[in-house]
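Enquirer: I'd like to ask you about the structure that follows.
The values are calculated or read from the model by the stated rules, or taken from the named source; none is laboratory data. On a predicted model such as this, the values are computed, not experimentally measured, just so you know. With ideal geometry, Cβ positions are generated from the backbone for all residues, glycine too; neighbour counts draw on all protein chains shown. All accessible areas refer to the heavy atoms of the entire protein, side chains included, with ligands and DNA or RNA removed. Shrake-Rupley method; radii C 1.70, N 1.55, O 1.52, S 1.80 Å.
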Amino acid sequence: MVFFFTASDPKYLIYMGRDKFENELLIKYGWKKDVWFHVDDLSSAHVYLRLPKGVKLDTIPEAILEECAQLVKANSIKGNKQKNVRIVYTKWANLKKKKSMEVGQIGFHDKKDLRYTRVEERKNAIINDLNRTKEEKESEVIKQMWDEYQAKLRRKEKLKKKKEATERRKEIEKAKAEVNHYTRIEE
């Protein structure tokens with residue numbers, strides 16, 4: 001099962017796996033525009049934030065960042081009890097999974113792409129607001145979303161190739177017209 005949450009700004013979708021096995025699916029089927037959150041150096045849930053168009057890793061609004069960080073802290077057995085917990089976050093594309101890693105364990109392609117924030121203490125109001133929007137869906141939903149996303153990317157690529165082919169045909173026709181024009185001049 002995967003838990004979906006509506007952020008304070010509904011343009012943002014927050015989701016997390018129920019356990020480390022669900023986290024494996026989320027790691028596998030993430031989107032390039034997803035951001036991954038985790039309590040640094042402690043066991044915790046893997047929380048993901050789906051960014052709307054035009055928002056980058058470094059332009060996530062503070063309120064949304066805090067909601068994700070609070071959710072990660074609240075879903076860490078040790079982190080939930082500690083004050084001043086460091087949260088790491090990065091783009092999904094920066095996550096690196098090796099076959100030798102344990103279930104739910106993750107590495108990174110480039111540590112320079114990691115960002116950090118701190119959660120001084122748990123804010124129950126934020127957690128309660130998120131939990132009121134919580135929906136539990138089958139894991140298959142993540143794969144289905146990923147498949148739909150991949151289909152969308154394929155459609156975009158197909159349109160791009162079609163546009164390029166049209167432009168090439170126009171260039172060829174223009175070149176032929178120029179050749180015909182110069183041929184008529186020489187006659």
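Enquirer: Determine, yes or no, whether Gln144 is among the polar types (S, T, N, Q), open to solvent by 90 Å² or more (accessible area, probe 1.4 Å) and free of Cβ contacts under 8 Å to residues at least 12 places away in the same chain.
Expert: Yes.
Enquirer: Sort through Ile142, Ile126 and tell me the only one that's modelled with pLDDT of 90 or more, hydrophobic (A, V, I, L, M, F, W, C) and out of contact with any Lys or Arg (no Cβ under 7 Å at 6 or more places or on another chain).
Expert: After ruling out the rest, the residue left standing is Ile126.
Enquirer: Another question, if that's okay. Can you tell me which condition Arg118 does not meet? The list is (1) modelled with pLDDT of 90 or more; (2) not in a strand (DSSP E or B), and all the others hold.
Expert: Here Arg118 clears every test but (2).
Enquirer: Considering only segment 4-24, state which residues are in contact with a Lys or Arg (Cβ under 7 Å, 6 or more places away or on another chain) and under 14 Å from Met145 (Cβ atoms).
Expert: Those that are in contact with a Lys or Arg (Cβ under 7 Å, 6 or more places away or on another chain) and under 14 Å from Met145 (Cβ atoms): Phe4, Leu13.
Enquirer: Continuing with this model, one more query. Looking at Lys83, Lys91, which is the one that is free of Cβ contacts under 8 Å to residues at least 40 places away in the same chain and open to solvent by 10 Å² or more (accessible area, probe 1.4 Å)?
Expert: Lys83
Enquirer: When segment 29-49 is examined, which residues are found to be basic (Lys, Arg) and without any contact (Cβ under 8 Å) to a residue 60 or more places away in the chain?
Expert: Within segment 29-49, just Lys33 meets the criteria.
Here's the yes/no breakdown for (1) farther than 21 Å from Pro10 by Cα; (2) part of a helix (DSSP H, G or I):
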{"residue": "Val103", "(1), (2)": "yes, no"}
{"residue": "Leu130", "(1), (2)": "no, yes"}
{"residue": "Gln150", "(1), (2)": "yes, yes"}
{"residue": "Arg154", "(1), (2)": "yes, yes"}
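Enquirer: Tell me whether segment 87-102 contains one or more residues that are more than 25 Å from Trp31 (Cβ to Cβ) and not basic (Lys, Arg).
Expert: The answer is yes, given that some residue of segment 87-102 is more than 25 Å from Trp31 (Cβ to Cβ) and not basic (Lys, Arg).
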